[in-house]
Amino acid sequence: VLPDGSLKPFPGNAWNTWADDKNPASAFVDINSIVLDQQGGLWALDAAAPRFGNAIEGAVKIVELDVATGATKRVILFDREDAHAGTRLAHMRFHGHHAFVVESKQASIYVIDLRDNSYRRVLVGHSLMRCAPADVPTVEGHKVRLGGQPMYFHSDLLEFGRDPDVLFFMCLFGRRIFQVNVEVLKDPDLDDEQHPR
């Protein structure tokens, strides 16, 4: 949004030109969220799910752009087994050399080491990551459904609180908030049953 209120595509290059007949791995298909870091970067989470459908496997990605120039600084393209048709990237937060991304369809957290762009997917489908049956999204008094079934948004929200080492997460429209120490999530030697409380 420019100072005069007009709109301009960002970054204004090939990232903004996807169509059904173009390579979805090299253009934005379905940006679900963006987040700024403290180093002048803007991170775009591309769920790669056109028209809110299934994700295009091999196109689910995170793109880091320079806010000032629009230049591409990094692309993290997820493997098909880790970001398949039934996944949807939601939100992202940073902690030191790591980033945490929640995924709201299957319900999981990606733990990304930004030093080498390697990642692990943890708590996949864990009960703490999934909505309770009563957590049906309600907008203006109407329950949101898709194909006659409640449209749940699992593990959709995450944020740091006063303690910079504690990450909170919850389902969209959920009634329960969970917390986990980020060092626990970073530890590759812990299994899913040892993570959050």
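The values are calculated or read from the model by the stated rules, or taken from the named source; none is laboratory data. Remember, it's a predicted structure, so these values are computed and weren't measured experimentally. Cβ placement follows ideal geometry from the backbone for every residue including glycine, while neighbour counts extend to all protein chains displayed. Heavy atoms of the whole protein, side chains included, go into the accessibility calculation; ligands, DNA and RNA do not. Shrake-Rupley method; radii C 1.70, N 1.55, O 1.52, S 1.80 Å.
Okay, here's what the table says:
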| read-out | value |
| --- | --- |
| Surface accessible to a 1.4 Å probe, per residue, for the residues of the chain, Å² | 53 Å² |
| For Rg/Rh (Cα atoms, Kirkwood Rh), calculated from these coordinates, the label among (i) 1.54; (ii) 0.97; (iii) 1.19 | (ii) |
| GluC sites (Glu not before Pro) within region 119-188: DSSP coil, no more than 13 neighbouring Cβ in 10 Å | E140 |
| Relative contact order of the chain, defined on C-alpha pairs under 8 angstrom at six or more residues apart (%) | 11 percent |
| Those lysines that a straight Cα-Cα span of less than 30 Å connects to K73, excepting residues fewer than 8 apart in one chain | K8, K22, K61, K105, K186 |
| Share of carbon and sulfur in the accessible heavy-atom surface of the chain [1.4 Å probe, %] | 52 percent |
| Positive-end residue, the chain charge dipole about Cα centroid, Cβ charges, pick of P11, F94, H154 | H154 |
| Helix-only [θ]222 nm of the chain, DSSP H runs n ≥ 4, -39500 (n - 2.57) each, per residue, nearest 500 | -500 deg cm²/dmol |
| Lys, Arg +1 and Asp, Glu -1 on Cβ, resulting dipole of region 65-167 about Cα centre, debye, nearest 20 | 200 debye |
